[in-house]
Structure formats: structure tokens, C-alpha cells
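J.: Structure below; questions to follow.
Please treat every number below as a calculation from the coordinates, not as lab data. Just so you know, these numbers come straight off a predicted model, no measurement behind them. Note: ideal-geometry Cβ built from the backbone for every residue, glycine included; neighbour counts use all protein chains shown.
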Amino acid sequence: MIAEAGLALLWLAASLSLLQLVLGAAALRPGNDALLRVVRPVAVAQGVLIGLSFLALIWLFLRTDLSVKLVAQNSHSLKPWLYKFAGAWGNHEGSMLLWVTVLAVAGAGVALFEKRLRQDSLIATLAAQAAIGLGFYAYILLASNPFDRLFPVPLEGNGLNPLLQDPGLAFHPPTLYFGYVGISIAFSFAVGALVTRDVGPAFARAMRPWVLAAWIFLTLGITAGSYWAYYELGWGGWWFWDPVENASLMPWLAATALLHSVTVLATRAGLRAWTIMLAVVAFSMSMIGTFLVRSGILTSVHAFAVDPTRGAFILVLLAFYIGGALTLFGLRVRYVKEGSTFEIVSREASLVINNLFLSVILGLVFIGTLYPLVTQALGHEISVGPPYFNTAIGPIALALAAVMTIGPMMRWRRDELRALAGRVAIPALLSAAALLLVVLLAPGTGWLPLLGLAIAPGVAVASIAPLWRRNLRRTPLFLYGMVVAHLGIAVALFGMASDSAFTRETLIAARPGQIIEAGPFHIRFLGVEPVPGPNWTAVEARLEARRGDGAPFLLTPQARLFDSPPTPTSETSIQTLWDGQLYVAIGEGDDQGRWQLRFWWKPFVTLIWGGGVMVAFGGLLALIGRLMRERRFKREEEVPA
Amino acid sequence: MTIRRMKAKTQRLILLGLALVAVGGAILLGMSAMRDQASFFYAPADVARQGLPLDRAVRIGGMVRRGSLHRQPDGVTINFVVGDETPATINVTYRGITPDLFREGSGVIAEGRFQPNGAFVASEILAKHDENYMPPELTRRGIHQTDVVR
């Protein structure tokens, strides 16, 4: 019954999106002003209905209703409730429903809260959002219906992939989707503004909070995904340049560039066409990512689909929306006014360089991710791995970080090189000192980590510099946002460089009672014991570790065997200390009573995710600051009138 | 007005030029990195046919032959034989903890380098996510698990 209700709600929401598109398009014709007022409520209703439909799916999973095919295939009655709940999107159909839910809810959010955009542009935006939604509703209803019934009803479900049975599943996919799909708002804004020829500073100011909000979620989602992979996979790595990771990185790169270019458009009325282009590219990257991850052309824990027609369906949608937006861009770009000019030495120019570097990185990730797929389709196997990405992207990312020290210190419109040199002197000296220090203390450090360790302190100091000699109370919140976000990048960069320069790995087959030396730690292997879990049993190693005279702590890595489906997984044990993490994974035991143990001592690795969270928090400060300022402006405008 | 317009246009051209240079440079950088670093995929039959690729890191893939998996006395180094639908095989050495689902008779992809004597030293064994996993590189060639499990 619930399943039928969910399906009915899904159909209703889909029809409302069609209505939203038709009404929106009609409202834009002259003389149809009466229609303008209906589009917003339709968008809100669509968001509510699809939200309810998604709740219905969650309900079915919580109740483990095995007469629903999706539940039977992906759930199990004995699973802990958290994984029943999060398992609703731990499969292909459910995750696509979440996708379209976020899309429609974001559209409803725009309909409810967007007050700054010109009304006709807003209606065009909502129509564009509905147009995207329509394609994905069709995809779900025709090719991946989550509410399909199953007959005869099985006695028990197949269970959820044990790798997904982790609290991370409750957090990482929804967060990532809010960012990933939230970027659709930027796309729809761009399409709307092209339709109504409304590309200007006011449009940019209206679009910026939406881009910021999506970008914050995307940043958090990527950070969470990275940490999840780090502790779940047991390989000690935090980024593998896996296509699914790149699929989330590409929209992030485009959205980051967009955030910076939209500032130029809002503040100085420059980079008009470019900003529109970036908005289109950012969401195109999200859709390409969806295609990569959900079409089944990749082998990954993220790729649920195996049915090739599904991949083809997404590919057609992708071509249609990206092609349509680019065509519109080509037709309308001549109506987009030329931006204001600026000097070569100015804040605008530094933001242009930021955009160039980000675009180049995006291009390199794009080529590295898609080229192997293209050659595969042509029957030639090639795989592009971390060495390519590190060599090609590392230097440019570092150059981008270096530009980041200078950019925020530059003035808008024009600046003096000499004065600028004075401002950059301190961070530059600090970087040089750090470089010298690392070369002296840790000779033989690879040049990429070396440069990273050197540039990070410079960036850190330079990112605080905009607060120098300001009245801290009167400094606007969004400036703090920039400071915190840039500082977060410096922190993360330091963590990445430190991890790749100083990680110590120890691999050993040890007997209980043995003392193991791993990096600066003495570790005593106390023994192994069996541990029962709710739907698994495990062998747990107990290890007592201490560094020097420090307090000892216990590490308990597990080798788990899940009941259904019967699958072995490895649970790492991680001890976080102030200056890094000690990480251990357990392998197999052998007939001599030895157990494989793999230790990593990773100095300052936590800064990678700490930095990521700081970046997102900076974004949040900027978002609040911008919204507060908009409100104040609005009040000031209203008072004299 | 006209001068300003001219200026705006020139600036656009300069920016466009810069962007083209940057993108061109990136493509060159990417291509060269790709040529040096892209690891090509080899099945045992490919190696038998084309000879050993000694100059670069590569990926190999196939099925772990039954009865071929041995652990060395140090407890952390393993040897196994990878085969495909042909009689060709590759001897692999790997030091480390194997992925959860790695075992004899199942599919495997390993990254590493060939030694001049034909042995393959793996630096990494790629994880798989379910027990019926076959490397897609092999499935696309029409090989299925039942064909190669001997």
C-alpha cells in the first residue's frame, strides 16, 4: 500500500514538474502575467510531493517490506535500523530517487526564498529546473522504479553490501547529493538569465548564496567520502583518483571557479559570459558524474546498475541538457553585455588566474577520467592511475595555492606591483624558511610534498592577512568566511603534503606476545579474540601501543565476516593523536599462529579533513554574511521609499 | 565610448589568448603525463603475444589459478599465478594484505611492474566489491568466470 502511495506521489510530482515547465514557459510570453504567480506554488508542491515519495521509500526500508523488489534485493530484516534507513539510498533506484528529490527540493527552496532575482528570470529559472527534473523523473519511472513489487514475496532479503554498512552511509551520500545536485540551481539560474537576458551584477548577487550553499555541501560530502574510504578500505590512502572520486571533484572544481567568478560579476560587473558558462559547466559535471557512477560502466562500490539501457538513458539526458544549455548560450551570448575592464594587476585579474588554473585542473581530471573510458569503447584497454593525476595536477594545484597567497591582498580595479610585493613579502619569506627547514631536517622528501609543505604556511599567513589592521568587529562576516576557507585550504594542503612525505608503513606477520616497532611506536600484540556483532562475527586483534613514555592505548582492528551476503571485510583501528594518526589493519592468520598486521603512522593526516571542514565552514560564514548584508541593503532601500 | 569598447574587446582577446595558452599547455602536460604514466592493461595472453612491457608500471588481470597461491615464510609476501582463457600465465609476487575478497579461483587486477625474468611484482592488488566479480577488462573480451576456473 505504502509502495503504491509512493509511486503515485512520484507520478504526481513528475506531472507537476511538467506543469511547472509549461506554465513557466507560458508565463514568460507577454500578456500572461497572471500565470507568473502560479509557478512558485507549483514548484513548492512538487518539492513536497517528491519529498513524501522519498519518505515512503524510507518507510518501506525501515519496515523491511520484502514484497518490494528493491527492499528484497538490498535489505535484510536483521540489519541494524540505521542501515535499513540509510540503505534506502544505498542502491541504484533509491539513490536516483534521492537525486531527483534533492533537485525538486532545491527548486522548491528557490521558489520559496528567492526574493532578489527579477521575477521573469525567477520563473525562467524554475522552468529550467523543472525541465531537468522531468528527464530524471522519466528515467526513474521508465527505467528504475524503486517501488516495483516482487511476487512471490521472498522470506528474506539479500542484504546490503557490507562495505556500505557504516555510519558514513547515513551522511556521505545525502550531503554529497545536496551539493552535487544543488549545483543544478546555478545551471537553472544561468539558463533563466540567458532566456530573459538578465545577466548582470544583480543576477550574480542573487545566484551567489545558492552556489555557496551547494558548494558547502559538496565540500563536506567530498571530505566525508574521503575519510570514509580512508578508514573503511584499510589501504591507508585518502584519495585514490578513482573515477567516482573524480566525478565528485569535477563539479567541485567548477563550482569553486564559479564562486570566484560570480564575485567578479557581482562586485565589478565583469566576466559575465564566463560566469554563465561556468554555471552550465558545473552542473554538466554533476550530470557526467551521475552518468559515470550510476551507468555501470565503472566497477565500483558506487556503481549499482548493471543494465546497459540505464546508462544509455542517462547519456541521452546528459547530451540533451548539456547540448541544450550550450546551444542557448551560443545563441544568447551576444546579448550578454561586455564586462567592465580591469588592469592586469588587480583583484579581478587574480581571480581570472584562479579561474584559469581551476579550469585547467578540471580539464586534466576530465581527460584522465574519461579518456580511458573512450579508449575502452574503442577496444583498447588503458587505465590512467594516480601517477598521471599527481604529475599533471600536482604542479598546477601548487601554483594555484601560490596565487592564493597574492590574490586576496590585491585591490579591485588596479593595484601597484611595488606595494603588492611589500604585502606578499612576509608569506613568501615564511614559505622560503619552511622550504629550507624541510630540506635540512628531512632530506630526500619528494619535490611535490616538499613544495606543499613550503607553500602551506605562506598561504596560511596570507589568508589571515586581509584581517590585518581592520577593526575586527566591523569586518563583514563574508570576509571572515574567505579567510577561514583559504586557511582551510592551507591546512588541508599541509596535511596532504605531510602525509605523503612522512608516512611510515610497517607490514608484519606477528604472533601474540610479540613486540612490533612501527614508526615511533612500540606495539605489543596482546592476542586475538572472537567478537560477535549484530549481523557479523569478527576476529579482533588487541594491540597495545605507546610512543616513548606516553600513555599506552589499545588498538583493535577486526576482520569481519558478514552473515548476509556472507562477505569478509576489514575494519581498521585508528588512534588519533595531536600530531597524526596511527592506523592498523589486520589481514589473514596462518597455520603458524601468525597474523598479518599493517601499520601506518601518518603525521598530521587529520589536517586533510580538518582543512576540508574548515573550507566548508568558511563557506557557511560567507553565506550567512552575504544573506545578512542583503537583508540590511533591502531594509535601507525600503526606508527612504 | 568607442575607445572603452575597443579596450574591452582587446581585453577579451587577451584573456581568450591566455585561456587558450593555459588550456593548450594543460593538454600538452596531460598528454605527456598520460604517455609516461598511463598503465596499460595486460592479460596473460597479451604478455605471451606482445612480450614483456618492462619500461613502465602496468596493470595485469585474470583469474587466480587454483592451487597456485602460496605464502612465503615471512608471512606477508604471497605468490600466485594469474591465468586467462589461454594457456598463458603470469607469476605474481605481492607483499601486503590482500583485499577482502581475494582468493584462488576468483578474478584479480594487480598493478605493478614486470621483472626481466617474466615475474610480476605487484605494488597493489585492486579491491573488488562482490564475490562474483570479474575484471570488466576480461568480461568485455567475452571471458566469464566459468570459462577460466579450472
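J.: If Lys and Arg each add +1 and Asp and Glu each add -1, what is the summed charge of the other residues whose beta carbon sits under 10 Å from the beta carbon of A:D166? Don't skip to the answer; put the middle values down first.
T.: Numbers: positive: none; negative: A:E232, A:E571.
In short, -2.
J.: I've got another one for you. Return the whole-Å distance between the Cα centroid of the range A:550-621 and the Cα centroid of the range A:33-74.
T.: The range A:550-621 and the range A:33-74 have Cα centres spaced 38 Å from each other.
J.: Report, in deg cm²/dmol and to the nearest 500, the calculated mean residue ellipticity at 222 nm for chain A, where each DSSP H run with n ≥ 4 adds -39500 (n - 2.57) and the sum is divided by the residue count.
T.: Working: 18 runs with 405 residues, N = 641.
The helix-only estimate for chain A comes to -22000 deg cm²/dmol at 222 nm.
J.: In what sequence do B:M31, A:M482 fall when counting other Cβ within 10 Å, fewest first? If you can, show how the numbers build up before the last one.
T.: Working: B:M31 13, A:M482 21.
So the ranking, lowest neighbour count to highest, is B:M31, A:M482.
J.: Would you calculate the separation in nanometres between label points at A:R149 and B:R103, each defined as 7 Å from the Cα along the Cα-to-beta-carbon direction?
T.: Distance between label points: 3.9 nm.
J.: To continue, here is another question. Dimensions of the range A:1-165 along principal axes (Cα, Å, largest first)?
T.: Its Cα atoms span 61, 28, 21 Å along the three principal axes.
J.: Moving on to the next point. Which three extents, in whole angstrom, do the alpha-carbon atoms of the range A:153-261 cover along their principal axes, largest first?
T.: Projected onto its principal axes, the Cα set of the range A:153-261 covers 57, 42, 20 Å.
J.: What is the fewest-to-most order of A:V39, A:V100, A:V244 by other Cβ atoms lying within 10 Å of their Cβ? Don't jump to the answer; show the numbers that get you there.
T.: Working: A:V39 28, A:V100 25, A:V244 20.
Result, fewest neighbours first: A:V244, A:V100, A:V39.
J.: What residue among A:P449, A:P152, B:G83 has its Cα farthest toward the positive end of the dipole of the protein assembly as shown, where the charges are +1 on Lys, Arg and -1 on Asp, Glu, each on the Cβ?
T.: After comparing all options, I get A:P449.
J.: Separate question: Nothing charged except the Cβ atoms of Lys and Arg (+1) and of Asp and Glu (-1): what's the magnitude of the dipole of the protein assembly as shown about its Cα centre? Round to the nearest 20 debye. The partial results should precede the final answer.
T.: Working: 66 positive and 51 negative charges, 730 e Å.
Rounded to the nearest 20 debye, it is 3500 debye.
J.: OK, next. Based on the alpha-carbon gyration tensor of the range A:345-394 and its eigenvalue square roots a ≥ b ≥ c, which shape applies: rounded if a/c is under 1.5, prolate if not and a/b is larger than b/c, or oblate? Please list the in-between numbers first.
T.: Working: a/c = 6.89, a/b = 2.74, b/c = 2.51.
It is prolate, given that a/c is not under 1.5 and a/b is the larger ratio.
J.: Give the separation of the Cα centroids, the range A:349-420 to the range A:452-493, in Å.
T.: Distance between centres, Cα-based: 21 Å.
J.: Under the rule that an exposed site lies in a DSSP loop and has at most 12 other Cβ atoms within 10 Å, name the longest stretch of chain A with no chymotrypsin sites (Phe, Trp or Tyr not before Pro) of that kind, not counting the sites themselves.
T.: The longest uninterrupted stretch comes out as A:1-467.
J.: Further question: For the protein assembly as shown, state what percent of all Cα-Cα pairs lands in each successive 10 Å bin, counting from 0 Å until the bin that includes the largest distance.
T.: P(r) for the protein assembly as shown, in whole percents per bin: 2, 12, 21, 25, 21, 13, 5, 1, 0.
J.: Express the relative contact order of the range A:517-633 as a whole percentage, based on alpha carbon pairs under 8 Å and six or more residues apart in sequence. Don't jump to the answer; show the numbers that get you there.
T.: Numbers: 192 pairs, mean separation 17.9, N = 117.
The normalised contact order for the range A:517-633 reaches 15 percent.
J.: How big, in percent, is the set of alpha carbon pairs in the range A:504-603 lying more than 23 Å apart? The partial results should precede the final answer.
T.: Values: 1232 of 4950 pairs.
Percent of Cα pairs beyond 23 Å in the range A:504-603: 25.
J.: Residue farthest toward the positive end of the dipole of chain A, with Cβ of Lys/Arg at +1 and Asp/Glu at -1: which of A:L271, A:Y180, A:V438?
T.: Most positive-ward Cα: A:L271.
J.: Taking the DSSP beta bridges in the protein assembly as shown as the whole, what percent of them are antiparallel, to the nearest 5? Provide the component values of the computation, followed by the final result.
T.: Details: 73 of 78 bridges.
Among the beta bridges of the protein assembly as shown, antiparallel pairing accounts for roughly 95 percent.
J.: Let me have the relative contact order for the range A:150-261, percent, based on Cα pairs under 8 Å that are six or more residues apart. Present the calculation step by step, with values, prior to reporting the outcome.
T.: On the way: 83 pairs, mean separation 35.9, N = 112.
Over the range A:150-261, the number comes to 32 percent.
J.: Which FRET efficiency, nearest 0.05, do A:A432 and A:L141 yield, Cβ-Cβ r, R0 56 Å? Can you show the working numbers first?
T.: Numbers: r = 61 Å, r/R0 = 1.09.
Efficiency, rounded to the nearest 0.05: 0.40.
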